[in-house]
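Just passing along the structure, written as C-alpha cells.
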Amino acid sequence: GRPPRSAPQPAARGDPVPIARADRAPAGARQGSLVGRYIVRRLVAMIPLLFGISVVIFTIIRLVPGDPILIMIGVENATPDEVVRLRQVLGLDQPIPVQYLKFLRRVVTGDLGFSLASDEPVSRLIRERLPATVELTLAAIAVALAIAIPAGVISAVRKYTVVDTAGTVAALLGISMPNFWLGVMLIFLFALRLGWLPASGRPESLVGGLGTLLTTGDPSALGTAAAHLVLPAVTLGSALAAVITRLTRSAMLEVIRQDYIRTARAKGLPGPRVVLRHALRNALIPVVTVVGLEFGALLGGAVITETIFAWPGIGRLAIRSIFQRDFPVVQGVVLMIAVVRICANLAVDVLYAVIDPRIRYQ
C-alpha cells in the first residue's frame with residue numbers, strides 16, 4: 001500500500017516560509033494598482049499648481065494698462081457717474097484680494113464667470129472655440145508625425161548619406177522658419193498664386209463634414225473642412241516636425257547599436273521588421289514625451305497661426321479678450337490651457353509603460 005502521508009511540520013525559526021501562489025497578486029494587477037495610485041498623486045499635485053497659476057494670471061492681467069470700463073463704454077462717451085456705476089455692477093471697485101477670492105470660489109464650483117465685453121458665460125465661449133483649436137492642434141501633430149517619423153527613421157538607417165544630409169537641412173529650415181512668416185508664404189503661394197487652397201476661415205469642422213458624409217453621402221462639406229485645415233496645420237506643425245525628425249534620428253541611432261538589435265539581425269529577421277518592430281518602438285519614448293508636451297504648447301501657442309488664418313479658436317479669443325481687457329475670459333482660457341498641459345504630461349507618463357513594458361511605477 002501507499003505510505004501514510006506525514007502531517008505538515010511547522011517551519012523552524014529562520015527557515016523560509018513558502019507563500020501560496022494564490023496569495024500573490026498578478027503582475028498586471030500590481031502594475032495597474034501602482035498606475036492608479038500614481039495618477040491620484042499627480043491629480044492631487046495639480047491643485048497647488050493650478051492655484052499658483054490662477055494667482056499669477058489674475059495679478060498680471062490687471063497690471064496691463066487700460067481700463068475695461070472705458071473700453072466697453074468708449075472714452076468719448078464715458079461719463080464719471082456711468083463709469084463708477086458700471087464698475088460697481090461688475091465688482092471691479094472692490095480690492096483685488098476680494099475680487100480674487102470671489103473668482104476662486106466660482107472656479108471651485110466650475111463657474112468661470114461672465115465676459116465683461118459680451119456678458120456671455122466664459123465657459124460657453126471656451127466651449128464654442130475649443131473644438132476648432134483642438135482640431136487644428138491634432139491636425140498639426142498628425143502632419144508633424146507623418147513627416148518626422150519616416151524622415152527620422154530613414155536618416156538613421158542611412159546615416160551620413162545624401163538622404164540623411166537632406167533630412168538634416170530640412171529639419172534645420174523647419175526649426176528656423178517662424179510661424180508668421182511661413183503662414184504668410186503658404187497663403188501667398190497656395191492661395192493667391194496657385195489658388196489651390198483657401199486662405200483663411202473655417203466654414204465647417206472635420207467632424208461636421210464627416211457627419212454630413214455619413215448621413216447624406218455628400219463629401220463636399222468634408223472636402224471644404226479639410227481644404228481650410230491644410231495650410232494652418234502645416235504652418236503649426238512644421239517646427240514640431242523638424243524637432244521630432246532630429247529626435248527620432250538620434251534615438252534610432254542609439255537603439256540600433258544595442259545588442260538585441262544585432263541579435264535580431266543575426267537570427268535572420270528582415271531588415272524592415274527589425275527597424276520598425278524592435279528599434280522604432282524603443283526609440284519612441286522621447287518622441288512620445290515631446291508630442292505630449294507639444295500638444296499643450298500647440299493648444300495654447302496657436303495664437304499667431306489662428307490670427308493669420310482667421311481660425312476661430314481659443315487663441316483668437318484670448319487675443320481679442322486681452323485687447324478688450326476682458327479679465328474673466330483671459331483667466332478662463334489660461335486655466336483651461338494649464339489643465340490641458342498638466343493632463344497631457346500625465347498621459348505621457350502613463351503611456352511610457354505601454355510603449356516600454358520594462359518601465360514600472362513605484
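Pull up the stretch 263-283, narrow it to residues that are closer than 20 Å to Ala146 by Cβ and open to solvent by 50 Å² or more (accessible area, probe 1.4 Å), then point me to the one that is nearest to the chain's Cα centre (by Cα).
Ranking the candidates gives Arg281 first.
Please indicate, with yes or no, whether at least one residue in the stretch 264-287 is closer than 29 Å to Gly201 by Cβ and touching a helix residue (DSSP H, G or I) at 6+ places or on another chain (Cβ under 8 Å).
So far as the stretch 264-287 goes, no, none of its residues is closer than 29 Å to Gly201 by Cβ and touching a helix residue (DSSP H, G or I) at 6+ places or on another chain (Cβ under 8 Å).
Taking Ala310, is it in contact with a helix residue (DSSP H, G or I) (Cβ under 8 Å, 6 or more places away or on another chain) and under 21 Å from Ala199 (Cβ atoms)?
Here the answer is yes, as Ala310 does meet what is asked.
Something else: Looking only at residues that are without any contact (Cβ under 8 Å) to a residue 40 or more places away in the chain and not aromatic (Phe, Trp, Tyr) in the stretch 169-187, which one is farthest from Leu197 (Cα to Cα)?
For the stretch 169-187, the residue satisfying everything is Val169.
If you don't mind, there's one more thing I want to ask. Considering each of Val162, Val230, Val207, Val184 in turn, give the residue that is hydrophobic (A, V, I, L, M, F, W, C) and closer than 29 Å to Pro272 by Cβ.
Val162
Something else now. Residue by residue through the stretch 68-83, note down the ones that are open to solvent by 80 Å² or more (accessible area, probe 1.4 Å) and at pLDDT 70 or above.
Pro80, Asp81
In the stretch 134-182, which residues are under 11 Å from Val243 (Cα atoms), small (Gly, Ala, Ser) and within 21 Å of the chain's Cα centre (by Cα)?
Correct list: Ala144, Ala148, Gly174.
Give me the helices (runs of 4 or more DSSP H) completely within the stretch 206-301, filtered to those with at least 2 residues that are farther than 30 Å from Leu186 by Cα and of a type in the set (Ser, Thr, Tyr), ordered by residue number.
Those helices (runs of 4 or more DSSP H) span 206-216, 259-266.
Which condition number in (1) under 19 Å from Ile314 (Cα atoms); (2) surrounded by 16 or more Cβ atoms within 10 Å (Cβ to Cβ); (3) of a type outside the set (Gly, Ala, Ser) is the one that Glu128 fails?
(2) is the only condition that Glu128 fails.
Here's something else I'd like to know. Just give me the residues in the stretch 229-252 being at pLDDT below 90 and open to solvent by 20 Å² or more (accessible area, probe 1.4 Å), in sequence order.
Ser238, Ala239, Val243, Arg246, Leu247, Arg249, Ser250 - these are the residues of the stretch 229-252 that are at pLDDT below 90 and open to solvent by 20 Å² or more (accessible area, probe 1.4 Å).
How about the stretch 90-181: which helices (runs of 4 or more DSSP H) wholly inside it have at least 3 residues that are modelled with pLDDT of 90 or more?
Ranges flagged: 122-157.
The values are calculated or read from the model by the stated rules, or taken from the named source; none is laboratory data. Here the structure is a predicted model, which is why all the values come from computation and not from measurement. All Cβ positions, glycine included, derive from the backbone under ideal geometry; neighbour counts span all protein chains shown. SASA here: full protein model, heavy atoms, side chains in, ligands and nucleic acids out. Shrake-Rupley method; radii C 1.70, N 1.55, O 1.52, S 1.80 Å.
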